[in-house]
1. Is it the case that some residue within the stretch 113-122 is of a type in the set (A, V, I, L, M), out of contact with any Cys (no Cβ under 9 Å at 6 or more places or on another chain) and open to solvent by 50 Å² or more (accessible area, probe 1.4 Å)?
2. Scan (1) in contact (Cβ under 8 Å) with a residue 40 or more places away in the chain; (2) open to solvent by 10 Å² or more (accessible area, probe 1.4 Å); (3) of a type outside the set (A, V, I, L, M, F, W, C) for the single condition Arg509 breaks and write down its number.
3. Restricting the search to the stretch 7-47, which residues are in contact with a strand residue (DSSP E or B) (Cβ under 7 Å, 6 or more places away or on another chain), assigned to a helix (DSSP H, G or I) and of a type outside the set (A, V, I, L, M)?
4. In the stretch 347-378, what residues are modelled with pLDDT of 80 or more and either outside any helix (DSSP H, G or I) or more than 16 Å from Val405 (Cα to Cα) (or both)?
5. Counting just the residues of the stretch 600-642 that are among the aliphatic types (A, V, I, L, M) and not in a helix (DSSP H, G or I), which one comes out nearest to Gly438 (Cα to Cα)?
6. Give me the pairs: first residue in the stretch 473-502 and open to solvent by 30 Å² or more (accessible area, probe 1.4 Å), second residue in a loop (DSSP other than H, G, I, E, B), beta-carbon distance under 8 Å, and six or more apart or on different chains, which are they?
7. Hey, can you tell me all the residues within the stretch 85-103 that are open to solvent by 30 Å² or more (accessible area, probe 1.4 Å) and either of a type in the set (Gly, Ala, Ser) or closer than 19 Å to Thr564 by Cα (or both)?
Amino acid sequence: MVRVVFGVLGPTVAAGDSGGALALKGPRHRAVLARLIVARRRVVPVARLVEDLWVDPPPGAVGAVQTFVAALRRVLEPERPPRAPARLLVTDGPGYALRTEPDTVDAWRFETALATAADLPAQQALATLEEALGWWRGPAYAEFADEDWSRGERARLAELRLQAVERRAEAHLALGRPADAVPDLDAHLTEHPWREDAWRLLALALYRQHRQGDALAVLRRAREVLTNQLGLDPGPRLRHLQSDILTQTPTLDLPPDTPGPPHPPRGARNRALGSNEPAPNTPAHPHPPRGARNRAPSPIPPEPNTPPPPTTPADLWTRAAKTYNRTVAKGTRARLESTVGLIRNLAVTGGEGLAEARHHRTAAITAAEEFADPELTARVIGAYDVPAIWTRADDPSAAEHIVAVAERTLAALPTGPHDTARCRLLATIALETRGAPGPRGPEAAREAEALARRLDDPALLAFALNGTFMQSFTRAGLAPQRDAIGAELVELAVRHGLVTYEILGHLIRLQARAALADFAAADTHAATADRLAERHELPLVGVFTEWYGALRLSATGEPARAETACRAAAARLDGAGMPGLERGLLPLALLCLRLTHGLPPDPDPRADWGPHRPWAEPFTLIAEGRHTEARTALRALPEPPHDLLYEAYCALEAEAALRLDDRTVLERARTRLRPAAAELAGAGSGLLTLGPVERYLAD
């Protein structure tokens with residue numbers, strides 16, 4: 001596959017491996033590409049693209065967008081075979097996404113370089129910043145400066161560029177080269193006179209060239225600009241610097257053998273790379289005059305040497321984390337409980353965050369138990385109330401460990417008012433025993449729900465209802481009950497602002513309504529879940545709604561499009577951090593699709609079928625003409641796991657039994673499937689279907 005790189009630090013361009021520019025055709029083609037880059041790998045619905053491309057969309061706007069996308073795909077993936085799914089500019093649910101790697105967009109590489117430079121020695125930081133600033137060919141998204149969709153991103157990147165210029169000046173000062181810093185800062189302040197840190201750096205650079213008068217003149221001019229143009233007094237760092245220059249404080253001079261500046265570190269060093277705050281729209285002002293070298297400024301009383309307040313969420317995060325690390329001792333209960341809260345938030349980011357959260361959660365629970373404090377252990381276990389929609393554990397051994405600790409903690413909790421802790425432990429047991437045989441999971445779910453209702457705690461009830469959902473697969477035909485659970489979750493979450501549980505409720509209802517062949521309702525729940533996920537930056541939701549789109553195409557008689565959609569959805573699962581869902585899902589979905597539409601099953605024996613292999617094995621053997629072995633494999637099938645694929649496994653068993661004319665297995669499958677007579681087999685998973693259950697019962 002040809003590697004394509006994109007440039008938006010200037011006019012929008014694309015280039016191939018050879019470095020030659022790709023022909024992106026007209027301005028609207030480039031606008032679509034730029035808009036998708038702004039979205040940073042997230043889906044942009046077609047309706048949003050139409051709104052962004054036209055002030056007054058023409059009647060054929062949607063078709064025009066599709067044409068632009070098709071043309072871009074031909075340019076970006078010229079070697080893609082006809083009808084093969086796109087891998088770069090992909091169709092995803094209601095829209096499109098550019099799934100390019102982080103190092104292929106100059107703006108994204110620039111952010112990475114800026115973040116990396118903050119932790120490098122001065123010489124390396126200088127080289128990194130010089131190279132990164134050289135990538136700019138003009139204002140970011142230059143040809144789309146007037147578009148609303150580009151405005152926030154352009155302002156954010158412009159702010160990062162200003163930070164990079166100032167950090168480059170810092171590096172020059174740290175290396176003992178103040179003369180190299182002055183010209184850049186001069187030009188920088190001519191265009192951006194509100195940059196208080198740049199005034200400070202320029203004054204410091206002049207002072208270190210033994211130009212005390214010029215340094216003081218710069219500080220006076222900074223005061224005039226800030227006061228007259230912005231109505232602000234100089235901040236504490238400028239005031240301290242002026243006082244230090246007047247008294248010729250020794251720490252202002254950089255010793256020759258010091259690798260970095262002794263001046264107090266810049267607050268901007270940890271400023272957010274992801275800030276969406278635009279720079280103030282202040283007109284440029286001429287650079288301060290150099291006259292009156294020794295004229296003393298009006299005295300400014302020194303203030304306590306406190307850092308400036310955080311200016312962005314990332315700055316606030318960095319400052320708070322440093323303070324926390326400094327003030328809260330390592331190994332304490334407080335630190336452990338705070339860590340679990342962080343792990344919980346990490347889990348909903350998807351991908352690497354979810355995988356890391358699972359690992360750290362197990363370690364945190366183990367560490368909590370070592371305190372021999374059951375109340376602490378209960379809080380650590382129960383704090384991880386991350387909504388779960390898939391009924392197969394991603395890490396079964398970790399799930400077993402968590403259940404074992406939760407059971408020990410339940411037994412060790414002292415008598416008294418610990419019902420909230422008990423409820424969370426029971427809900428955790430219900431969630432972590434998903435799909436497992438035995439009565440403990442359903443029992444824990446019932447106890448947790450009853451406790452939560454008695455305690456009248458909305459968040460606790462939402463957590464308990466998630467456990468109830470996970471244990472609602474004791475037999476086929478329970479889609480209506482799950483639909484009721486989803487409806488209660490949505491209503492509860494909307495009333496109490498529990499966004500993640502609101503999304504969970506919609507996904508549960510999506511699955512249940514799909515099982516009942518109510519695709520109009522399922523479509524509504526899918527769209528609502530996608531909208532909430534986009535607003536709250538929860539990327540894993542799109543994995544499930546995209547698979548639902550493939551299911552819907554199969555159920556409505558479009559097998560070719562459904563197969564393409566399955567493959568695209570499977571590609572999105574790669575790296576999503578959900579092995580319990582991902583392993584073997586694509587070959588299973590394709591097998592179900594072909595059986596549903598009367599096509600040859602054609603199972604690939606070399607595929608990674610994961611946990612689904614026992615139900616695929618009879619079809620593999622039948623395809624090879626090994627009917628006796630196929631009948632043996634069929635009769636050896638275990639009881640299907642009590643999870644979202646229960647009806648799908650039963651239908652596969654029935655289909656294989658029909659082909660092998662095995663009446664015993666047919667009767668067993670009929671008994672299992674009969675309660676789901678009104679449903680679509682497997683559609684309750686929200687991922688795949690084998691058609692109406694009634695067909696298997698009739699056969």
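The values are calculated or read from the model by the stated rules, or taken from the named source; none is laboratory data. Just so you know, these numbers come straight off a predicted model, no measurement behind them. Neighbour counts run over all protein chains shown; Cβ positions are idealised from the backbone, glycine included. Surface accessibility is based on the protein's heavy atoms, side chains included, excluding ligands, DNA and RNA. Shrake-Rupley method; radii C 1.70, N 1.55, O 1.52, S 1.80 Å.
1. The initial filter retains those residues of the stretch 113-122 that are of a type in the set (A, V, I, L, M), namely 113-115, 117-118, 120, 122.
Now narrow it down to the ones that are out of contact with any Cys (no Cβ under 9 Å at 6 or more places or on another chain): 113-115, 117-118, 120, 122.
Filter again for open to solvent by 50 Å² or more (accessible area, probe 1.4 Å), leaving 120.
Yes: one or more hits.
2. Every condition holds for Arg509 apart from (1).
3. Arg35
4. Correct list: Ala347, Leu354, Ala355, Glu356, Ala357, Glu370, Phe371, Ala372, Asp373.
5. From the stretch 600-642, those among the aliphatic types (A, V, I, L, M) are 607, 616, 621-623, 630, 633-634, 636-637; that's our starting set.
Those left that are additionally not in a helix (DSSP H, G or I): 607, 636-637.
Working: Ala607: 31, Ala636: 21, Leu637: 19 Å.
Looking at residues that are among the aliphatic types (A, V, I, L, M) and not in a helix (DSSP H, G or I), I get Leu637.
6. Pro480/Leu516; Gln481/Ser472; Thr500/Val348; Thr500/Val386; Thr500/Pro387; Thr500/Leu538
7. Pro85, Arg87, Thr91, Gly93, Pro94, Arg99
Residues are listed down the side, and each one gets a yes or a no for (1) more than 41 Å from the chain's Cα centre (by Cα); (2) surrounded by fewer than 17 Cβ atoms within 10 Å (Cβ to Cβ):
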| position | (1), (2) |
| --- | --- |
| Leu637 | no, no |
| Pro640 | no, no |
| Tyr646 | no, no |
| Leu660 | yes, no |
| Glu667 | yes, yes |
